[in-house]
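Visitor: I'd like to ask you about the structure that follows.
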Amino acid sequence: MFDFLEGYDVLGAFWTTVQLALLSAVGSLVWGTALAAMRVGPVPLMRGFGTAYVNIVRNIPLTVIILFTSLGLNQTLGIGLGSDDFKTVNFRLAVLGLTVYTSAFVCEAIRSGINTVPVGQAEAARAIGLSFTQVLNLVVLPQAFRAAVGPLTNVLIALTKNTTVAAAIGVAEAAYVMKEMVENEAQLLLISAVVAFGFCCLTLPTGLILGWVGKKVAVKR
Amino acid sequence: MSAVLYDAQGPRAKRRNVLYTVVFLVALAALVWWVYQALDDKDQLAWEKWKPFFSGTEAYSTYIWPGLRNTLEAAAAAMVIALPLGAVLGIARLSDHAWVRVPASVLVEFFRAIPVLVLMIFGLALYAEYTGVGSDDRPLYAVVTGLVLYNASVLAEIARAGILSLPKGQSEAAMAIGLRKGQVMRLILLPQAVTAMLPAIVSQLVVIVKDTALGGAVLTFSELLASANTMSGYYGANTIASFTVVAAIYVAINFSLTSFASWLERRLRRRRKSTGAVVPPSAVTDIAGTAATGAGSGV
């Protein structure tokens, strides 16, 4: 019944999905946090930049961004991200596109976390003479991250599902292999069930585990 | 919160901020200069590449408007079909009967756990194998099918969040005057929940508009993004120009939808007549994740 799986590397495809998700998650967590710090900071230019970045990037479809990394950055401007191999280049471009897009949502998730920290915390921190970076690093962000675990989990799950967009530039992840399979094999329902099951295995436990972590680390007030 | 993170600025802080501003400006300028060089190097700034968008209407009438129309059509169709489905699923999840509640929950959780592109690919193959839908219409059908399956489950969660956001006194008072469960839902809860849900529904529309682009990139659906591709082929490889224009159109549409949603939210919160219950636009990104973390996380 499952002999259609033989010609295709379904497990490898899901491994690519996981790699895409993890690498972009790390990248967008770093860049998204930097954006959030800019957006709440005292320098008006950085605030403006952060706001503009978030408002522009989250309103462009991810598909446009990913396709642009391939057609625009790579094929038109010749940016290869340090590789000549077609597959490696496209994989790295997909990670770049996913990071650029997801960091806008990470920024908003962290900002919502910052908003849950009581005003008194920052006021007390300022009262003992801490500077803005100290207030942020020592007092506000540690609490904000703990409150942001929930929203960040949702961003991570959305990111995992969004990795399928990399199929548009030929990265052999789950949706790409699924498309190949349904075009060549006759078992549509079975193929779809396998792929759907794979994604359920990735997204549902992530939500459950991180949901538990989020409750565990939440600041009790 | 962000206003209390730093003190009112004294002379030293002001000097420091000016320094940061200058450093940031230099970094930004360097980036812009680098992009400019890269574009100029590959001759992407030549007037011929940008001309179609600034003189004459051919590029718009031949490529952009038809593409945009398909995008909006698919998005509107998906929204119109998904709304009632989502409402039914959302109410079913709140049912007192386990045999209604559990299947509805499983459906909603399942379709939210799966990427919309997978649903679209499934839809395309489904229509090709089992129905008589012509091959020209199939991409549209597949895109709408994928969007409906996914968004009905997201809208179900929005509907549920909307109903749960109402103060408990509403249903208690309704039951106290002797209304039955169905009447409480139909006459008391739903009318108020619909208003509370409006901001979230409008922001979900943004998600739908963005997701239609998947159809253009993977399913040969001729929407706005696909028109960027054909344009850059026709106008001598002006990829950068075409993508910039198309992205700007997406930003214009979605930004106005987002702004409209937050305006609605502010207005609903201010209104004295209602209970002030509202599902904020930010709930959409939270709900789109998974219910495993609790649908109420952002609500």
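The values are calculated or read from the model by the stated rules, or taken from the named source; none is laboratory data. Quick caveat, the model's predicted, so the values are computed rather than measured. All Cβ positions, glycine included, derive from the backbone under ideal geometry; neighbour counts span all protein chains shown. For the accessible areas, the whole protein counts, side chains as well, though only heavy atoms, and no ligand, DNA or RNA atoms are used. Shrake-Rupley method; radii C 1.70, N 1.55, O 1.52, S 1.80 Å.
Visitor: Under 19 Å from the Cα of B:Lys168, which lysines turn up, not counting those fewer than eight places away in the same chain?
Guide: B:Lys181, B:Lys273
Visitor: Counting partner chain Cβ atoms within 10 Å of every residue's Cβ in A:63-75, what's the average?
Guide: For this peptide, the per-residue mean of nearby foreign Cβ atoms is 5.
Visitor: Could you state the angle between the C-alpha long axis of helix A:44-57 and the longest principal axis of the C-alpha atoms of chain A, as a value from 0 to 90 degrees rounded to the nearest 10?
Guide: 30
Visitor: Additional query: Percent of accessible area on segment B:130-191 owned by carbon and sulfur, 1.4 Å probe?
Guide: 58
Visitor: Rg to Rh for segment B:182-261: what is it, with Cα atoms only and Rh by Kirkwood?
Guide: My calculation puts Rg/Rh at 1.24.
Visitor: Shifting gears a bit: With every protein chain kept in the model, how would you rank A:Asp9, B:Asp7, B:Asp211 by accessible area, 1.4 Å probe, largest at the top?
Guide: Largest accessible area first, the list is A:Asp9, B:Asp7, B:Asp211.
Visitor: Please list, in chain and number order, the residues 5+ apart from B:Phe221 or on another chain whose amide H is under 5 Å from its amide H, with Hs placed from the backbone.
Guide: Under 5 Å from the amide H of B:Phe221: B:Gly216.
Visitor: How high is the FRET efficiency between A:Trp15 and A:Thr51 when r is their beta carbon distance and R₀ equals 25 Å, given to the nearest 0.05?
Guide: 0.10
Visitor: Separate question: For the pairs A:Lys179/B:Lys51; B:Lys49/B:Lys210; A:Lys87/B:Lys51; A:Lys179/A:Lys215; A:Lys179/B:Lys210; A:Lys179/B:Lys42, note any where the Cα-Cα span goes beyond 28 Å.
Guide: Among A:Lys179/B:Lys51; B:Lys49/B:Lys210; A:Lys87/B:Lys51; A:Lys179/A:Lys215; A:Lys179/B:Lys210; A:Lys179/B:Lys42, the Cα-Cα distance tops 28 Å for A:Lys179/B:Lys51; A:Lys87/B:Lys51; A:Lys179/A:Lys215; A:Lys179/B:Lys42.
Visitor: Follow-up question, since we're still on this one. Gain in length, B:Arg270 to B:Asp96, computed as 0.36 nm per residue apart minus the alpha-carbon separation, to one decimal in nm?
Guide: In short, 59.3 nm is gained.
Visitor: Oh, and also: Please compute the average number of Cβ atoms from other chains found within 10 Å of each residue's Cβ in peptide A:129-135.
Guide: Counting other chains' Cβ atoms within 10 Å and averaging over A:129-135 gives 3.
Visitor: How far apart, in nm, are two points set 7 Å out from the Cα along the Cα-to-Cβ line at A:Phe197 and at A:Phe2?
Guide: Label at A:Phe197, label at A:Phe2, 0.6 nm between them.
Visitor: A further question follows. In the P(r) worked out for segment A:6-62, what percent of Cα pairs fall beyond 14 Å?
Guide: 67
Visitor: Here's something else I'd like to know. Which residues of segment A:136-166 show a drop of at least 40 Å² in accessible area when all protein chains are present, compared with their chain alone (probe radius 1.4 Å, heavy atoms only, ligands and nucleic acids excluded)?
Guide: Residues shielded by partner chains are A:Asn154, A:Lys161.
Visitor: Still on this structure, I have one more. In Å, what Rg and Dmax follow from the Cα atoms of segment B:42-115?
Guide: In Å, with Rg to one decimal and Dmax whole: 22.6, 66.
Visitor: In addition: Using protein heavy atoms only (no ligands, DNA or RNA), what is the total accessible area buried between B and A, 1.4 Å probe, nearest 100 Å²?
Guide: 5300
Visitor: Where in segment B:1-97 are there trypsin sites (Lys or Arg not before Pro) that are in a DSSP coil and have at most 11 other Cβ atoms within 10 angstrom of their Cβ?
Guide: Those that pass, being in a loop and sparsely packed, number zero.
Visitor: Between B:Leu25 and B:Leu179, what is the label-to-label distance in nm when each label sits 7 Å out along the Cα-to-Cβ direction?
Guide: Placing both labels 7 Å along Cα→Cβ, they lie 6.0 nm apart.
Visitor: Could you give me the radius of gyration and the Dmax of segment B:133-251, taking only the C-alpha atoms into account and expressing both in angstrom?
Guide: 21.4, 72
Visitor: Taking +1 at the Cβ of each Lys and Arg and -1 at the Cβ of each Asp and Glu, which of B:Val4, B:Leu31, B:Pro199 sits farthest along the dipole of chain B towards its positive end, judged by Cα position relative to the Cα centre?
Guide: B:Val4
Visitor: Using θ = phi - 60° and the Karplus curve 6.51 cos²θ - 1.76 cosθ + 1.60, what whole-Hz ³J(HN,Hα) does each residue of segment A:18-24 get, with Gly and Pro shown as x?
Guide: Values, residue by residue: 5, 4, 4, 5, 5, 4, 5 Hz.
Visitor: Continuing with this model, one more query. With n ≥ 4 as the cut-off for DSSP H runs, can you work out [θ] at 222 nm for the protein assembly as shown, using -39500 (n - 2.57) per run divided by the number of residues, rounded to the nearest 500?
Guide: Using -39500 (n - 2.57) per qualifying helix, the result is -24500 deg cm²/dmol.
Visitor: Please report, to one decimal in angstroms, the Kirkwood hydrodynamic radius of chain B built from all distinct Cα-Cα pairs.
Guide: Roughly 22.5 Å, rounded to one decimal.
Visitor: Ok, one more. Using +1 at the Cβ of each Lys and Arg and -1 at the Cβ of each Asp and Glu in chain A, identify which of A:Val213, A:Gly97, A:Trp15 lies farthest towards the dipole's positive end.
Guide: Looking along the dipole axis, the top candidate is A:Val213.
Visitor: Another question about this same structure. Give me the dipole magnitude in Debye, nearest 20, for chain B about the Cα centre, with unit charges on the beta carbon: positive for Lys and Arg, negative for Asp and Glu.
Guide: The dipole of chain B has a size of about 1640 debye.
Visitor: Provide the FRET efficiency to the nearest 0.05 for the A:Leu190-B:Gln9 pair, computing r from the beta carbons and using R0 = 56 Å.
Guide: 0.30
Visitor: Could you give each residue of segment B:256-267 its phi-based ³J(HN,Hα) in whole Hz, using Karplus coefficients 6.51, -1.76, 1.60 with θ = phi - 60°, and x for Gly or Pro?
Guide: Values per residue, Gly and Pro as x: 5, 5, 4, 5, 4, 4, 6, 4, 4, 4, 4, 5 Hz.
Visitor: Relative to the Cα centre, what is the charge dipole magnitude of the protein assembly as shown, using +1 at the beta carbon of each Lys and Arg, -1 at the beta carbon of each Asp and Glu, and rounding to the nearest 20 debye?
Guide: Here the size comes out at about 3040 debye.
Visitor: Residues of segment B:240-272 losing 10 Å² or more of accessible surface, assembly versus chain alone, probe 1.4 Å, please list them.
Guide: Residues losing area: B:Ile240, B:Phe243, B:Ala247, B:Tyr250, B:Val251, B:Asn254, B:Phe255, B:Thr258.
Visitor: So, one more: Fully extended, how many nm does the chain gain between A:Thr116 and A:Leu208 (0.36 nm per residue separation, minus their Cα-Cα distance)?
Guide: Answer, rounded to one decimal: 30.9 nm.
Visitor: Moving on. Return the single residue from A:Ser24, A:Ser192, A:Ser70 with maximal mean-square fluctuation; model: Gaussian network over chain A, springs between Cα atoms under 10 Å.
Guide: Result: A:Ser192 has the largest fluctuation of those listed.
Visitor: Once label points are set 7 Å from the Cα along Cα→Cβ at both A:Thr88 and A:Gln75, what is their separation, rounded to one decimal in nm?
Guide: Using points 7 Å along Cα→Cβ, the separation is 2.2 nm.
Visitor: Taking the Cα centre of segment B:47-143 as the origin, how large is its charge dipole in debye, to the nearest 20, when only Lys and Arg (+1) and Asp and Glu (-1) carry charge on their Cβ atoms?
Guide: It comes to approximately 240 debye.
Visitor: For segment B:23-40, in order, what is each residue's ³J(HN,Hα) by Karplus, 6.51 cos²θ - 1.76 cosθ + 1.60 with θ = phi - 60°, in whole Hz (x at glycine and Pro)?
Guide: Karplus-based 3J(HN,Hα) across segment B:23-40 equals 4, 5, 5, 5, 4, 5, 5, 4, 4, 4, 4, 5, 4, 4, 4, 4, 5, 5 Hz.
Visitor: Right, another one. Springs between alpha-carbon atoms under 10 Å, Gaussian network over chain B: tell me which of B:Val133, B:Val35, B:Val251 tops the mean-square fluctuations.
Guide: Looking only at B:Val133, B:Val35, B:Val251, the biggest GNM fluctuation is shown by B:Val35.
Visitor: Moving to a separate point now. Relative to the longest principal Cα axis of chain A, at what angle does helix A:188-217 sit, 0 to 90 degrees, rounded to 10?
Guide: 20
Visitor: For the full complex of protein chains and a 1.4 angstrom probe, list A:Glu185, B:Glu265, B:Glu223, B:Glu73 by accessible area with the highest value first.
Guide: Ranking A:Glu185, B:Glu265, B:Glu223, B:Glu73 by accessible area, largest first, yields B:Glu73, A:Glu185, B:Glu265, B:Glu223.
Visitor: Right, something else. Solvent-accessible area per residue for segment A:88-194 at a 1.4 Å probe radius, Å²?
Guide: 35
Visitor: Moving on. For B:Ser256 and B:Lys51, compute 0.36 nm times the residue count separating them, minus their Cα-Cα distance, and round to one decimal in nm.
Guide: Stretched out fully, the B:Ser256 to B:Lys51 stretch lengthens by 71.1 nm.
Visitor: How large, in percent, is the carbon and sulfur part of the accessible surface of segment A:107-146 at a probe radius of 1.4 Å?
Guide: It is 56 percent, rounded to a whole number.
Visitor: For the protein assembly as shown, what percent of Cα pairs sit more than 42 Å apart?
Guide: 22
Visitor: On to the next question. Just the number, please: Stokes-Einstein D of chain A in µm²/s, Kirkwood Rh from C-alpha pairs, 25 °C, 0.890 mPa s.
Guide: 128
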